[in-house]
Structures are given as structure tokens and as C-alpha cells.
Amino acid sequence: MWSQDTLGSLQVVESNGYCTDTSSLAIRTNIGVNEFGLRNITLFPNPTQGKVSISADEPLGDIKVYAATGALITSKRTTETSLQFDFSTLSAGVYWITIGTERYRLVVMN
């Protein structure tokens, strides 16, 4: 059996009917979204017939564009927070853009 007795700690009580053992531990409850690597990233327009703007609230880093088959189309490393890709020469279809560890679906309508 366990119970949370105060914010930030946890108390565990084990009992077999004859003996009782109590253990306490601290809990970190203030983990933020940024600690997991999630960023506020915008891809616009989607679907597209040409240029796509990609922007974020921090440097984009490694960007890779893949075809639906998994083939790497292009890649770029940047310290900028925004850039544009031109998809007007690609065939219509679904493409995947990875930015760091995050993946986004892009539809090209040419």
C-alpha cells in the first residue's frame, strides 16, 4: 500500500500482519515539457505545392526530409530558428521531415 503524504514525497508502508516497514522517498514533480526535448515547431503550408517554412522557438539543428519509402531526400544542419525548403520539384505524395528526434508528416501536391 502506498500513499502520498506531502507534495514532493512518497511514503510506502509494507505490512505482513506482524511487522510494518515504512519507507519514504522524494519525488521530483516539476518536470517540464522542454526537459523531454519537445519543441514548438511550425511547418507551413501543409499540404504544399512549393516552399515550406519551418520555424521553432530555438535553433532547428538537424533537419532531414524522407520520402514515404524511407529514402533520404535532403538534409541540413542549421543554428537558425527558421528556414525554407523548396518542394516544387518533388513528386506529389507524403514525405517525412525529422527535426532532431521529432517527426512531421508533409503532403506535397504537385
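Observations
- When residues in region 47-73 are screened for being over 18 Å from the mean Cα position of the chain (by Cα) and either surrounded by 13 or more Cβ atoms within 10 Å (Cβ to Cβ) or touching a residue at least 60 places away in the same chain (Cβ under 8 Å) (or both), 8 of them pass.
- Each residue in region 79-104 was checked for being in contact (Cβ under 8 Å) with a residue 40 or more places away in the chain and not hydroxyl-bearing (Ser, Thr, Tyr), and 4 of them qualify.
Each value in this text was obtained by applying a stated rule to the coordinates, not by laboratory testing. Bear in mind the structure is a predicted one, so any value in this text is a computation, not a measurement. Here Cβ is always computed from backbone atoms with ideal geometry, including for glycine, and neighbour counts include all displayed protein chains.
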